[in-house]
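Encoded as structure tokens, the structure appears first; notes follow it.
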Amino acid sequence: MRRLGETFESLERVVAARKADPSARSYTSRLLAGGPPAIGGKVTEEAGELAAAADHETDDRVVAEAADLLYHMIVLLASRGVGLARVEDELARRFGISGLDEKASRSAGPGHQAPPRGPHSTDGATS
């Protein structure tokens, strides 16, 4: 049985290899050659397809579209030199903070911290 995240780690390694040694026969290499603007367009497209699938398609379609979105997100991060571990660290930082408080802290500007969790806060998610 695979451990959670194992496939993401493998995919991240493959994307890094394509970035370091591009291949004309690799879709990933072609995406990386387009840079963040082109890859960002694919992320936007895939996010829309996931949202549409969630609204009116089967769970299998939702899973397939989610996989497409995650793949393109990993390629986009790699194009910027950002690893998944950094994203995981950010999610861990947000965990246990009310999603509303966390969002307010981002809109308040740099250096502003979310208020501490109160005794009635039970939201462990990030949104």
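Please treat every number below as a calculation from the coordinates, not as lab data. Being a predicted model, the structure only gives us computed values, none of them experimental. Ideal geometry is used to build each Cβ from the backbone, glycine not excepted, and the neighbour counts take in all protein chains shown.
Brief remarks follow.
- Cβ charges +1 (Lys, Arg) and -1 (Asp, Glu), total dipole of the range 6-83, debye: 640 debye
- Taking each residue as 0.36 nm, the span from A51 to R30 lengthens on full extension beyond its C-alpha to C-alpha distance by 5.0 nm.
- The order of R18, R3, R61, going from fewest to most other C-beta atoms within 10 Å of their C-beta, is R3, R61, R18.
- Rounded, prolate or oblate (a/c below 1.5 giving rounded, otherwise prolate when a/b exceeds b/c) for the range 28-77 by Cα gyration tensor: prolate
- Residue order, fewest to most beta carbons within 10 Å, for H56, H72: H56, H72
- When the Cα convex hull of the range 1-57 is projected onto planes of every orientation, the mean area is 5.6 nm².
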